[in-house]
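Student: Handing you a structure now.
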Amino acid sequence: MTQNFDAIVIGTGQAGPSVAQRLTAAGMTVAIVERKLFGGTCVNTGCTPTKTMVASAYAAHMARRASEYGVSVGGSVSVDMRRVRERQADVAGKSSTGVENWLRTMKNCTVYQGHARFESPREISVGADRITADKIFINVGGRATVPEMPGVDQVEYFTNSSMMHVDFLPRHLIVVGGSYVGLEFGQMFRRFGSEVTIIEMGPRLVQREDEDVSAAIQEILEREGITVRLNAKCIAFSRRGEEIAARVDCTAGSPEVLGTHVLLAVGRRPNTDDLGLDKAGVAVDARGYIQVDDQLRTNVPGIWALGDCNGKGAFTHTAYNDYEIVTANLLENDPRRVSDRITAYALYVDPPLGRVGMTEAEVRKSGRKALVGKRPMTRVSRAIEKGETQGFMKIVVDAETREILGAGILGVGGDEAIHSVLDVMYAKAPYSVIQRAVHIHPTVSELIPTMLGELQPLV
Ligand SMILES: Cc1cc2nc3c(=O)[nH]c(=O)nc-3n(C[C@H](O)[C@H](O)[C@H](O)COP(=O)(O)OP(=O)(O)OC[C@H]3O[C@@H](n4cnc5c(N)ncnc54)[C@H](O)[C@@H]3O)c2cc1C
């Protein structure tokens, strides 16, 4: 039987449920479809569980360092992986249940559980059900890429999703991929007690960042006993008895790494290949991302794409912002756009990296005149007092307009402190506004004005 609604939302990630809430509140009937876990990646296999595990890893790390602070824990520190997993599953589970209950009790909202597929630009099938609407919002997110590396099908491997079920300590975890996801898992499992090797194909970790950031992060990880193998050009896997051999062919070091478990963290792909987009005529790019304009409209009138599947962002806050943009345009006559958004994200290694705007390398490439300020965390009182002085903060400003172009804080509290810079960027205010602001002592943020008072030409 076909049922008609005013709107259909596909996916219950970071944008879909809020879209459903706003549309139903505006008097529309909405069908929302979820094929797996309510809340999507962030809640179930991304931000929430990983940051919960990062917190467990931090506790273990600080317990091992306790004597440095004059604290004795009595005996050696060990980690109960079952408890770590339970805590993670509990936090993520509550969040997922919260989203499900919210949707199921939402007035004028009908929840469908199953795989949604376009049958035409206005019709979706979910199993035997057929639903139609004049407005369709795609919020299908993405999943881990499994690269076609030789031997990958002959060994067991984890992705970010299956890692959520790990309730034991891998003796030696091989992490393939030296970017955001791989580094967070690598450091946390090292802190839980695993031997960890991170294999990266490129010449440095987190290659999107400036070279000084990559180098500092590598140093932080190596200091904790993580082995980093760069320039791993021809990664391949094979079984060696109980162990897994990963061929790395690096320019330096042993050509092979022997470990007990493998985590693949080499990127993500959009969940658009099994959505029947061809039947709706919705255009995707070469990598499968749905093509959208600045207000997230696809090429088919009445169909929008939000979140990771449109390739305009890869974060929870960008997916949520997509919901704000779409509903502002649809319901408030407010022409909000993706291009109003300033790049901002964090990498949750410890200490974390908070990043906004352009990197120094991007500013150099743009050819504009700029000023740069940099300060090591060894010269930040709050970091010294906390005994966490690794990393540095850096800011780049336009020498002519005096606006902030970008900044990064790799250091304790960097994920929070970076927001004072971000807000000044949104205000399009000159950097002197924050330079003259009186920040609270002792905080990491208080050194941002100081750093801005010591800017040097970017040469
Ligand atoms: C390990 C890891 C850690 C991360 N940490 C952070 C972080 O700290 N901060 C941050 O901002 N971001 C983080 N991210 C990224 C963040 O999780 C994503 O950017 C965010 O979840 C994207 O939300 P979304 O709404 O686009 O899609 P998703 O959250 O992926 O939701 C999509 C939903 O659509 C459903 N779906 C897909 N296809 C269909 C279909 N055909 N029919 C019905 N339902 C369908 C899926 O089951 C899913 O529930 C992390 C990601 C990973 C993998």
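Laboratory data are not the source of any read-out in this text; all were calculated from the coordinates shown. None of the values given here were measured: they were computed from a predicted structure. Counting neighbours? That spans all protein chains shown, and the Cβs are built from the backbone with ideal geometry, glycine included.
Student: Just to verify a result, which residue in region 304-344, among those that are within 12 Å of the ligand (Cβ to nearest atom) and touching a Leu at 6+ places or on another chain (Cβ under 7 Å), is farthest from residue 134 (Cα to Cα)?
Tutor: 344
Student: Inside region 1-46, can you point out the residues that are surrounded by fewer than 21 Cβ atoms within 10 Å (Cβ to Cβ), within 6 Å of the ligand (Cβ to nearest atom) and of a type outside the set (Lys, Arg)?
Tutor: Matches in region 1-46: 37 only.
Student: Please pick out the residue among 81, 53 that is touching a helix residue (DSSP H, G or I) at 6+ places or on another chain (Cβ under 6 Å), farther than 25 Å from residue 280 by Cα and aliphatic (A, V, I, L, M). Write out each step before concluding.
Tutor: Values: 81 fails: touching a helix residue (DSSP H, G or I) at 6+ places or on another chain (Cβ under 6 Å).
Result: 53 is the single residue among 81, 53 that is touching a helix residue (DSSP H, G or I) at 6+ places or on another chain (Cβ under 6 Å), farther than 25 Å from residue 280 by Cα and aliphatic (A, V, I, L, M).
Student: Can you name the residue in region 254-284 that is in a loop (DSSP other than H, G, I, E, B) and away from the ligand (no atom under 16 Å from the Cβ) and, of all such residues, is surrounded by the most Cβ atoms within 10 Å (Cβ to Cβ)?
Tutor: First, the residues of region 254-284 that are in a loop (DSSP other than H, G, I, E, B): 254-255, 260, 265-267, 271-276, 281-283.
In the following step, the residues that additionally are away from the ligand (no atom under 16 Å from the Cβ) were identified as 254-255, 260, 281, 283.
On the way: 254: 9, 255: 12, 260: 15, 281: 13, 283: 13.
Here the answer is 260.
Student: Continuing with the same structure: With the structure loaded, tell me whether residue 119 is more than 21 Å from residue 319 (Cα to Cα) and touching a strand residue (DSSP E or B) at 6+ places or on another chain (Cβ under 6 Å) or whether it fails that test.
Tutor: Values: more than 21 Å from residue 319 (Cα to Cα): yes; touching a strand residue (DSSP E or B) at 6+ places or on another chain (Cβ under 6 Å): yes.
In short, yes.
Student: Under 22 Å from the mean Cα position of the chain (by Cα), among the basic types (Lys, Arg), closer than 18 Å to residue 145 by Cβ and more than 12 Å from the ligand (Cβ to nearest atom) - does that describe any residue in region 285-296?
Tutor: yes
Student: Would you say residue 91 is under 30 Å from residue 195 (Cα atoms) and crowded, with 16+ Cβ neighbours inside 10 Å?
Tutor: On the way: under 30 Å from residue 195 (Cα atoms): yes; crowded, with 16+ Cβ neighbours inside 10 Å: yes.
The answer is yes for residue 91.
Student: How many residues are closer than 16 Å to residue 181 by Cα and without any contact (Cβ under 8 Å) to a residue 60 or more places away in the chain when one looks only at region 202-231?
Tutor: Count: 8.
Student: If you don't mind, there's one more thing I want to ask. Quick one: is residue 120 within 11 Å of the ligand (Cβ to nearest atom), touching a residue at least 24 places away in the same chain (Cβ under 8 Å) and closer than 20 Å to residue 274 by Cα?
Tutor: So residue 120 fails the test.
Student: Moving on to the next point. Contact list please: Cβ distance under 9 Å, first residue in region 47-75 and touching a residue at least 24 places away in the same chain (Cβ under 8 Å) and within 16 Å of the ligand (Cβ to nearest atom), second residue in a helix (DSSP H, G or I) and of a type in the set (Ser, Thr, Tyr), pairs at least six apart or on different chains.
Tutor: Filtered contacts from region 47-75: 47/41; 47/316; 48/95; 48/96.
Student: Now a separate question. Can you name the residue in region 397-408 that is assigned to a strand (DSSP E or B) and touching a strand residue (DSSP E or B) at 6+ places or on another chain (Cβ under 6 Å) and, of all such residues, is surrounded by the fewest Cβ atoms within 10 Å (Cβ to Cβ)? Working first, answer last.
Tutor: To start, the set of residues in region 397-408 that are assigned to a strand (DSSP E or B) comprises 397-398, 403-408.
Retained after the next criterion (residues that are touching a strand residue (DSSP E or B) at 6+ places or on another chain (Cβ under 6 Å)): 397-398, 404-408.
Values: 397: 24, 398: 18, 404: 26, 405: 25, 406: 24, 407: 31, 408: 27.
Among them, the one singled out is 398.
Student: Does residue 427 fit the bill of being under 30 Å from residue 42 (Cβ atoms), surrounded by fewer than 18 Cβ atoms within 10 Å (Cβ to Cβ), among the aliphatic types (A, V, I, L, M) and free of Cβ contacts under 8 Å to residues at least 24 places away in the same chain?
Tutor: On the way: under 30 Å from residue 42 (Cβ atoms): yes; surrounded by fewer than 18 Cβ atoms within 10 Å (Cβ to Cβ): yes; among the aliphatic types (A, V, I, L, M): yes; free of Cβ contacts under 8 Å to residues at least 24 places away in the same chain: yes.
Spelling it out, residue 427 is indeed under 30 Å from residue 42 (Cβ atoms), surrounded by fewer than 18 Cβ atoms within 10 Å (Cβ to Cβ), among the aliphatic types (A, V, I, L, M) and free of Cβ contacts under 8 Å to residues at least 24 places away in the same chain.
Student: Here's a follow-up. Determine which member of the set 66, 59 is more than 30 Å from residue 31 (Cα to Cα), surrounded by fewer than 17 Cβ atoms within 10 Å (Cβ to Cβ) and more than 28 Å from the chain's Cα centre (by Cα). Before you say what the answer is, go through the steps one by one.
Tutor: Details: 59 fails: more than 28 Å from the chain's Cα centre (by Cα).
Going through 66, 59 in turn, the sole match is 66.
Student: Filter region 101-114 down to residues that are surrounded by fewer than 16 Cβ atoms within 10 Å (Cβ to Cβ) and under 20 Å from residue 271 (Cβ atoms) and give me whichever is nearest to the ligand (Cβ to nearest atom).
Tutor: Among them, the one singled out is 114.
Student: Within region 296-396, considering only strands (runs of 3 or more DSSP E) that don't extend past its boundaries, which have at least 2 residues that are among the hydrophobic types (A, V, I, L, M, F, W, C) and within 21 Å of residue 422 (Cβ to Cβ)?
Tutor: The qualifying strands (runs of 3 or more DSSP E) are 344-347, 353-357, 370-376.
Student: I've got another one for you. How many residues are within 13 Å of the chain's Cα centre (by Cα) and of a type outside the set (A, V, I, L, M) if we restrict to region 321-358? Outline the logic, then answer.
Tutor: Of all residues in region 321-358, those within 13 Å of the chain's Cα centre (by Cα) come to 343-349, 352-355.
From what is left, the residues that are of a type outside the set (A, V, I, L, M) are 343, 345, 348, 352, 354-355.
Matching residues across region 321-358 total 6.
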